[in-house]
Amino acid sequence: MRTHHSSSSRSTRPSRPFRSDRSPGPDVGGRHELGQNFLVDRRVVDRLVSLTAATQGPIVELGAGSGAITRELAGLGRPLTALEIDRRRADRLRRELGRDPDVTIIEADALSWRYPAAPHAIVGNVPFHLTTAIMRALLARGHWTDAVLLTQWEVARRRCGVGGSSLLTAQWDPWFTFRLRERVPARAFKPAPSVDGGVFTIERRSEPLVPTADTPAYQAFVAEVYRGKGRGLAQILRRTSRPVPAERTSGLLRTVGVTADVLPSRLTGPQWASLWSGVRSAPGDRG
């Protein structure tokens, strides 16, 4: 997460104070069919806003809901576009915040809305049943620089490589940095979900670890390795469509810095990039 100290940045000192003493509103019960579990814990709201304040540029909020986060984000004094799929709630927020020239409330689906073609930050309490779909869509989009997300706890842990990384994270690690921030108890939401939530951040790397032109081939390779058969990386690599000969495997793994029996889920972003570089430059590579 970037922290800026230039005089032109408003990220470290909001132009308007946070309204942390404000209640989340009388109507915070969510609609089950929309996966709405609204955040009602003021401390967690303040944490999300604090993390967002450390970013720069316009803000896009995913799923404004009852506006508990939206109201506080408005206090940062930066352009804010809040998306809400529920028309009734979007209309209510327009009535409340519509006079703020920095705030725009849009009735829209976060999966289909056209995001800005300029640098911006993203923040959101993501509907738990749409977490993977939204993550895939976000990671495939350009322009945004940072994301502050609240998802299911296990999803947050896996995205950040705690206890092993997910395939989705491994496929995007060379272009993004994932950081786990904190666990959020289910009681922080209304209605309370059956599992805890987790806050994590994503920052786009200024210098990708893998050339952007390699993205499709790299991601296909990672998927094949993740799904490959074998008791460790050495065996798996010998059985892929880019088989690494046994005589080269040990040297490649030494370069990557892992042992022969390591599982794909245990590799870090830099290790995946190093592995890809070694496989990509191997003699006979078919591109």
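The values are calculated or read from the model by the stated rules, or taken from the named source; none is laboratory data. Bear in mind that the values here come from a model prediction, so they are computed numbers and not experimental data. We place every Cβ from the backbone using ideal geometry, glycine too, and count neighbours over all the protein chains shown. These area figures cover heavy atoms from the full protein model, side chains too; ligands, DNA and RNA do not enter into them. Shrake-Rupley method; radii C 1.70, N 1.55, O 1.52, S 1.80 Å.
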Q.
Let me check something: with ligands and nucleic acids excluded, how do His129, His120 order by accessible area (1.4 Å probe), largest to smallest?
A. His129, His120
(Q) Probe radius 1.4 Å, ligands and nucleic acids ignored: give me the carbon and sulfur share of the accessible area of region 193-253 as a rounded percent. (A) 51
Q. Hey, if you put +1 on the Cβ of every Lys and Arg and -1 on every Asp and Glu Cβ in the chain, which of Leu39, Ala273, Thr169 ends up farthest toward the positive end of that dipole?
A. Ala273
(Q) Under a crude label model (7 Å from the Cα following the beta-carbon direction), how far is Glu182 from Trp113 in nanometres? (A) 2.5
Q. If you compute Cα Rg over 2.2 N^0.38 Å for the structure shown, which of (1) 1.07; (2) 0.91; (3) 1.12 do you land on?
A. (3)
Q: Please work out how much length the chain gains when fully extended from Arg205 to Arg43, using 0.36 nm per residue of separation minus the C-alpha to C-alpha distance, in nm with one decimal.
A: 55.4 nm
Q: Let me have the 222 nm mean residue ellipticity of the chain computed from DSSP H runs of 4+ only, each contributing -39500 (n - 2.57), with the sum over all residues rounded to the nearest 500.
A: -9500 deg cm²/dmol
Q) What FRET efficiency do you get for Glu154 and Arg95 if R0 is 35 Å and r is their Cβ-Cβ distance, rounded to the nearest 0.05? A) 0.40
Q) Modelled label-to-label distance, Arg239 and Ala223, 7 Å Cα→beta-carbon offset: nm? A) 2.0
Q. If R0 is 35 Å, what FRET efficiency do you get for Asp261 and Ala137 from their C-beta distance, rounded to 0.05?
A. 0.50
